[in-house]
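All of the numbers you see were taken from the coordinates with simple rules; none came from a lab. All values derive from a computational prediction rather than experimental measurement. Note: ideal-geometry Cβ built from the backbone for every residue, glycine included; neighbour counts use all protein chains shown.
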Amino acid sequence: MTTVPDPQKPGRRSLFQRLGESRNGLGLLFMLPTAVFLLCFLTYPLGLGVWLGFTDTKIGRPGVFIGLENYEWLWHDSVFWLAVFNTLFYTIIASILKFGLGLWLALLLNRNLPFKNFFRAVILLPWVVPTVLSAMAFWWIFDSQFSIISWVLQKWGVISQPINFLGDPWNARLSVMAANVWRGIPFVAISLLAGLQTIPQSLNEAAAIDGATRWQMFTKVTLPLLTPIIAVVMTFSVLFTFTDFQLIYVLTRGGPVNATHLMATLSFQRAIPGGQLGEGAAIAVAMIPFLLAAILFSFFGLQRRKWQQQND
């Protein structure tokens, strides 16, 4: 007599059956399409960019391996270091302003205001409008002859001639920073507002019963509970600001005299219009340590907060 195999025995189950019955295996199966997408559209371009940074590749001509020559050239390039300064200055100041104004706006929208749902929807408009359209609107606002800001200030008698917003180096830096802050505040505000919604109101009520002031309730109750959300939100805000390209390119294209060039715009200028793909790739790769530093700062900040909560 022959024994009929039992299809339910573990040894006879297919790979997909075993994955379906395993929680971890099923999670990996669902993550597979995303992993393939990231591998094709993120990992491969990143690896290609790193490789090009070690070559003298130009548009229309394959390059050869030259080691660290591109990075040695950048080390002595004053324009590159100006772009590094611009990027750090732009990122730090804009991120601080977006955090301060976004937190204030989130606290305001968290109150029982009339038409608060309407205002919560309107506040998202700067974020959902395409960046190029926002940049073109600011390009008109900052126009050297037809600026609405200059016109109003002249009517009020504050200034006697139009302000050269995008023609003066420091005016241009502050102008593009203002446009970035205007566009980034909604993301910070709505994200922090979502975090505020998760804080139980009973904690503030208990603190008020104990005699705490509004400032004490904010610093001792609201802010500590909001710290993990702040860390995540500001990490994304810093990454978006550090890699900003469209806003700068539409408004100033890095001018005047390279005063608003960020590392992202300088990399594009050297690689595409300039034809130096290897040098442009090296500038892009030089951005990675700064981005990793921002991510690690947020990660260790979250870990420190988790350790504090476990020991409270």
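A compact table of results
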quantity: Estimated dipole of the chain in Debye, rounded to 20 [Cβ of Lys and Arg +1, of Asp and Glu -1, Cα centre]; calculated: 860
quantity: 5 angstrom amide H check on THR55, placed H, neighbours 5+ away; calculated: ILE66
quantity: Shape metrics for the chain, restricted to C-alpha atoms - Rg then Dmax, Å; calculated: 26.1, 107
quantity: Options GLY67, LEU52, LEU109, ranked by Cα towards positive dipole end of the chain, top entry (Cβ charges); calculated: LEU109
quantity: Burial ranking of peptide ranges 246-255, 34-43 (average Cβ count within 10 Å, highest at the top); calculated: 246-255, 34-43
quantity: Rounded FRET efficiency, nearest 0.05, which uses the C-beta distance separating LEU88 from PHE30 and R0 of 41 Å; calculated: 0.55
quantity: Most mobile of ASP143, ASP244, ASP77 in a GNM of the chain (Cα contacts under 10 Å); calculated: ASP77
quantity: Phi to ³J(HN,Hα) by Karplus 6.51 cos²θ - 1.76 cosθ + 1.60 over the stretch 164-169, Hz, x for Gly, Pro; calculated: 8, 5, 9, x, 9, x
quantity: Reciprocal of mean inverse Cα separation for the stretch 136-218 (Kirkwood radius, Å); calculated: 16.4
quantity: Candidates PHE290, PHE240, PHE119, ranked by Gaussian network fluctuation over the chain, Cα under 10 Å, top entry; calculated: PHE119
quantity: In the stretch 85-119, trypsin sites (Lys or Arg not before Pro) in a DSSP loop with at most 16 other beta-carbon atoms within 10 Å; calculated: ARG111
quantity: Hz values of 3J(HN,Hα) by residue in the stretch 80-97 - Karplus curve (6.51, -1.76, 1.60), Gly and Pro given as x; calculated: 4, 5, 5, 5, 5, 4, 4, 5, 5, 4, 4, 5, 5, 5, 5, 5, 5, 5
quantity: Residue among ALA83, ALA286, ALA208 with the largest mean-square fluctuation in a Gaussian network model of the chain, springs linking Cα atoms under 10 Å; calculated: ALA208
quantity: Packing-based exposure ordering (other Cβ within 10 Å, fewest first) of ILE96, ILE66; calculated: ILE96, ILE66
quantity: Amide proton proximity set for ASN110, modelled H, under 5 Å, gap of 5+; calculated: none
